[in-house]
Amino acid sequence: MAERKRTNRGKDWPFITALGPKLLRDDDPSGCLHIFDAETLRNAVVIHPPSAWMQDARPTLRAALEKDSQLGPALHAEQVFWHQLDACRIRLYEKALRPYVSAVRKAFARREMPLAESHAIRLECAKRHLLTSPVLSYGLEQLVDDARVETARLVHSGLMGWLPNARGHFIGIQ
């Protein structure tokens, strides 16, 4: 099996966090949504208090505003959740892809053919076997719930209330 490129790694979070202060310096209040370091977030919310909708979308912003001692662990739980949501989403797409791949393999049956014919077969298989939106077909609520279940296996139960409402991150699926 080919190794998949890993972009969802722990060492990526400082790069995400670095974006937050840059956005805030440009007067973009969404910068608070990108900060995953406790001290940086505490400092940011003092200067740029997040709006109510941002606090609802990301409860850790409330923890930062309230100087809650659980902010560090809550931010870690949040990162675990995003990793799990991404893994659940990828599994969903891989599962949705299987019927298409199987149909293409059967259609080609190890034979060579001109590119135009090959392309036409792939398009026909796609029309028959690929979902328009695997997330919508599966259910966005279910996908987020699955990620929460996986996260609950990895973090302390007291941190689950700090997890974000990820539904707004799926544009066009609500």
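The values are calculated or read from the model by the stated rules, or taken from the named source; none is laboratory data. Predicted model only: the values in this text are computed from it and were never measured. So basically every Cβ, Gly included, is an ideal-geometry build from the backbone, and we count neighbours across all protein chains shown.
Once segment 54-76 is narrowed to residues that are in a helix (DSSP H, G or I) and touching a Gly at 6+ places or on another chain (Cβ under 9 Å), the residue that is surrounded by the most Cβ atoms within 10 Å (Cβ to Cβ) is ALA74. Within segment 103-135, the residues that satisfy the criterion of being surrounded by 12 or more Cβ atoms within 10 Å (Cβ to Cβ) and either under 25 Å from ALA57 (Cα atoms) or in contact (Cβ under 8 Å) with a residue 24 or more places away in the chain (or both) are ALA103, CYS125, ALA126, HIS129, LEU130, LEU131, SER133, PRO134, VAL135. Among the candidates GLU141, GLU124, the residue that is modelled with pLDDT under 95 and in a helix (DSSP H, G or I) is uniquely GLU141. Taken over segment 72-113, residues that are farther than 20 Å from ARG148 by Cβ and out of contact with any Cys (no Cβ under 8 Å at 6 or more places or on another chain) amount to 16.
Go through ARG98, ARG91 for me and flag whichever is outside the structural domain of PRO59 (by TED's automatic domain parsing), loosely packed, with under 11 Cβ neighbours inside 10 Å and at pLDDT 95 or above.
None of the other options fit; the residue is ARG98.
The set of residues in segment 136-150 being touching a residue at least 24 places away in the same chain (Cβ under 8 Å) and not hydrophobic (A, V, I, L, M, F, W, C) consists of SER137, TYR138, GLU141, ASP146, ARG148, GLU150.
Pairs meeting the criteria (first residue in segment 8-27 and modelled with pLDDT under 90, second residue surrounded by fewer than 14 Cβ atoms within 10 Å (Cβ to Cβ), beta carbons under 7 Å, at least 6 apart or on different chains) are ASN8/ASP86.
Do you know which of the residues in segment 152-173 that are under 13 Å from the mean Cα position of the chain (by Cα) and touching a residue at least 60 places away in the same chain (Cβ under 8 Å) is nearest to GLY72 (Cα to Cα)?
At the first step, the residues of segment 152-173 found to be under 13 Å from the mean Cα position of the chain (by Cα) are 163-171.
Among the residues that remain, those that are also touching a residue at least 60 places away in the same chain (Cβ under 8 Å) are: 163-166, 168.
Numbers: LEU163: 13, PRO164: 15, ASN165: 18, ALA166: 19, GLY168: 24 Å.
Step by step, filter segment 152-173, then rank; the result is LEU163.
For segment 144-174, what are the residues that are at pLDDT 95 or above, outside any helix (DSSP H, G or I) and β-branched (Val, Ile, Thr)? Result: VAL155, single match. Starting from residues that are among the basic types (Lys, Arg) and not in a helix (DSSP H, G or I), keep the ones in segment 88-118 and report whichever is farthest from TYR138 (Cα to Cα). The selected residue is ARG111.
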